[in-house]
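Every number in this text was worked out from the coordinates using simple rules, so none of it is lab data. Keep in mind it's a predicted model, so treat the numbers as computed, not measured.
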Amino acid sequence: MFLSELVSGAVTPARKLGAWLIGLPRYPKRALLALADFGLLSCAMWFSLSLRHGRIYLPDDLAFTLLLLLAPALGVAVMFHLRIYKFVTRFMSSQRLVQISLAIGLSVLIWGVALFLANGPRVPRAVPFIYFVFGSLFLLMFRQAVGWLLRSVGYEIPYRDPDTLKPVIVYGAGSAGVALVDALRKSGQYQPV
């Protein structure tokens, strides 16, 4: 169906965007996602400062602005370190979404320590908590929106019904057991318990 629409020229802009995103190689997709995350986390920082101050917040000097931009940069770096950018956005599970929130929480903790050690201008204590909430929500909603966009233009996301998966118990520890559990999860037929 999509190929016939492409040949006939009846392709919507959303479908073109979806085809372009799907057609990108792996590393440009990751870079694009990291850039989008940096922008979203920067917006989350600005929203959290504006909400805390009760007005639209504009930093006074460049050094403080760079200290504020350290939080989104740390967020992207932590997500790279935790290999979150290796997840396929179309196939996000609830476990992956929790990992994104944990990565944002870890980056907020690191940023809070950096703020304390910088001994520069004071950031209100509520800002890191508000930033965590906004940052997590923005990133989770963005990934859900991308999945929705791709589904709406015809790129079906496989759904695994948990009721049809066969429960399996893996006995044993170590790297072989972990590899087996990972392979069983990816098979789409078994659910390690």
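Kirkwood-based Rg over Rh for the stretch 31-126 (C-alpha set), two decimals?
That ratio equals 1.00.
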Along the stretch 105-118, Karplus-curve 3J(HN,Hα) (6.51, -1.76, 1.60; θ = phi - 60°) to the nearest Hz, with x for Gly and Pro, reads x, 5, 5, 5, 5, 5, 5, x, 5, 4, 4, 5, 6, 5
Counting sequence-distant residues (5 or more places) and residues on other chains, those with an amide H built under 5 Å from that of residue 168 are 191, 193
